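The values are calculated or read from the model by the stated rules, or taken from the named source; none is laboratory data. From a predicted model like this one, the values you see are computed outputs, not experimental measurements. Here the Cβ positions follow ideal geometry from the backbone for every residue, glycine too, while neighbour counts run over all protein chains shown. Side chains are part of the model used for accessible areas, which takes the heavy atoms of the whole protein and leaves out ligands, DNA and RNA. Shrake-Rupley method; radii C 1.70, N 1.55, O 1.52, S 1.80 Å.
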Amino acid sequence: MTVNFEYVGVDVSDSLNAFSEEKLDKLFNRYEFLISATVRFKNDSNSHDKGDICDIELSLPGPRIFATSNEAQYEVAVRETIKDLERQLKKRKEVYKTH
């Protein structure tokens, strides 16, 4: 499993990297066809109540899967993004079962 982290206008955080990798490990263990993940952390200064954005793109056979969340904290954004990805992965796994 390869996880690449990108920080756009945000300071690099080792604890955020570890938290994200821990959550992504669960996905990689559950869905063996995953190849890699790219995680981007951004900050939207125009948003007053939210503004911490997490984008995750998963590489797998076929089209890539992408999800994003805009929350008040990066940890919450990571959790929400992974929930969205998991929903998409369940659908993709059903497609693989039929072939």
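Which residues in the range 67-98 place their backbone N less than 14 Å from a point set 7 Å from the Cα of S13 along the Cα-to-Cβ direction?
70-80
Spin-label point model (7 Å from Cα, Cβ direction): what's the R87 to E57 distance in nm?
My value for the distance between the label points is 2.2 nm.
Determine the calculated [θ] at 222 nm for the chain from helices alone, applying -39500 (n - 2.57) to every DSSP H run no shorter than 4 residues and normalising by the residue count; nearest 500 deg cm²/dmol.
-14500 deg cm²/dmol
When the accessible area of the chain is split by element with a 1.4 Å probe, what percent falls to carbon and sulfur?
Whole-percent figure for carbon plus sulfur exposure: 46.
Could you check the spin-label model distance between E94 and D44? Points 7 Å from the Cα along Cα→Cβ, value in nm.
Result: 2.9 nm between the two label points.
Calculate how steeply helix 14-30 sits against the longest principal axis of the alpha-carbon atoms of the chain, using the helix alpha-carbon long axis, and give the answer as 0 to 90 degrees to the nearest 10.
20
Would you mind getting the accessible area per residue of the chain, heavy atoms of the protein chains only, 1.4 Å probe, in Å²?
Dividing the accessible area of the chain by its residue count gives 60 Å².
Let me check I've understood the local charge: for N4, count other residues with C-beta under 10 angstrom from its C-beta, Lys and Arg +1, Asp and Glu -1. What total comes out?
Once positives and negatives cancel, what remains is -1.
Before anything else, pin down the relative contact order of the chain: Cα pairs under 8 Å, at least 6 apart, normalised by residue count, whole percent.
Over the chain, the number comes to 23 percent.
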